[in-house]
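Undergrad: Handing you this structure, nothing more for now.
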Amino acid sequence: NGFSPCVFCPFGPGKGVVRDQTGMAGMWWLTRSGEGGYTSMVPSEAYPQMTNMTIRGVVAFQKGKLRDGRKSAAVGAYQFLYPEVAAKRAGLSLDDKFTPENQDKMFDATLMQKRKAINAYLTGKSDNIEAALDELAKEFASFEYRGGRSYYNDGINKASIMRNKAAAALKSARQEMMRGGS
């Protein structure tokens, strides 16, 4: 994690219709605005070929970068540390491509399977949005945890997505799910 907002986003804040997306598409956009683009890798690098690689290939590429001594090689729009784990959660094979669509599926599966408070909030089993916001901040360093800071108060990661924006996006995604959306 640790990207400044929209380092590799195709649309910067306020540009295009993307900003007004709602539901899970709004969650995807908001998260990408703080984490990176579909071809990004920490630290602030872009590899356009990544979206045409298999997930297995991305994992190998990532491991190669880590062997070079970098501290993180988080990849993709949602800065997956372990894309193979996120792929498995999403029901994807390691031979599936690391496409934008598959990264979005991996994001959804991470929220719904790994982060119980987010799942409970989005599915209406809980109204505890504060717990969901805390888990969002634990999963993605660009989301504010509390007091304007990242959960990872490490001097590297910065919160660029404030809780009020995250809350609005979660509420919109919940409304979509409660209406029977994805």
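The values are calculated or read from the model by the stated rules, or taken from the named source; none is laboratory data. Just so you know, these numbers come straight off a predicted model, no measurement behind them. So basically every Cβ, Gly included, is an ideal-geometry build from the backbone, and we count neighbours across all protein chains shown. For the accessible areas, the whole protein counts, side chains as well, though only heavy atoms, and no ligand, DNA or RNA atoms are used. Shrake-Rupley method; radii C 1.70, N 1.55, O 1.52, S 1.80 Å.
Undergrad: For segment 34-77, just the Cα set please: Rg and Dmax, both in angstrom.
TA: In order Rg, Dmax, the Cα atoms of segment 34-77 give 9.7, 26 Å.
Undergrad: Provide the per-residue ³J(HN,Hα) series for segment 103-120, in order, calculated from phi with Karplus coefficients 6.51, -1.76, 1.60 and θ = phi - 60°, each as a whole number of Hz, with x at glycine and proline positions.
TA: So the Karplus estimates, Gly and Pro as x, are 5, 5, 5, 5, 4, 4, 5, 4, 5, 7, 9, 8, 10, 4, 5, 5, 4, 4 Hz.
Undergrad: Sticking with this structure for a sec: State in Å² the accessible area per residue of the chain; use a 1.4 Å probe, count heavy atoms of protein chains only, and round to the nearest integer.
TA: 48
Undergrad: Also, I was wondering about something else. Let's test the formula: R0 of 45 Å, r as the Cβ-Cβ distance of Lys71 and Gln21. What FRET efficiency results, to the nearest 0.05?
TA: Computed FRET efficiency for Lys71 and Gln21 comes out at 0.85.
Undergrad: Separate question: What is the sum of charges around Gln103, taking Lys and Arg as +1, Asp and Glu as -1, for the other residues whose C-beta is under 12 Å from the C-beta of Gln103?
TA: Charge balance in the 12 Å sphere: -2.
Undergrad: Given a 10 angstrom Cα cut-off, can you work out which residue in Ala167, Ala159, Ala90 is the most mobile in a GNM of the chain?
TA: Ala167
Undergrad: Semi-axes of the equivalent ellipsoid of the chain: what are they in whole Å, largest first, if each equals the square root of 5 times a C-alpha gyration tensor eigenvalue? Don't skip to the end; give the middle numbers.
TA: Working: eigenvalues 121, 69, 49 Å².
So the equivalent ellipsoid measures 25, 19, 16 Å along its semi-axes.
Undergrad: Also, I was wondering about something else. In whole Å, how far is the Cα centre of segment 43-97 from that of segment 138-164?
TA: What the calculation gives is 23 Å, centre to centre.
Undergrad: Next up: Keeping every protein chain in place, order Thr123, Thr22 by accessible area at 1.4 Å, biggest value first, i.e. largest first.
TA: Thr22, Thr123
Undergrad: Carbon-plus-sulfur fraction of the accessible area of segment 84-182, 1.4 Å probe, in percent?
TA: Summing carbon and sulfur atoms, their accessible area is 49 percent of the total for segment 84-182.
Undergrad: Can you tell which of Gln49, Ala159, Tyr38 lies farthest toward the positive end of the dipole of the chain, using +1 and -1 charges on the Cβ of basic and acidic side chains (Lys, Arg; Asp, Glu)?
TA: With unit charges placed on the Cβ atoms, the residue in question is Ala159.
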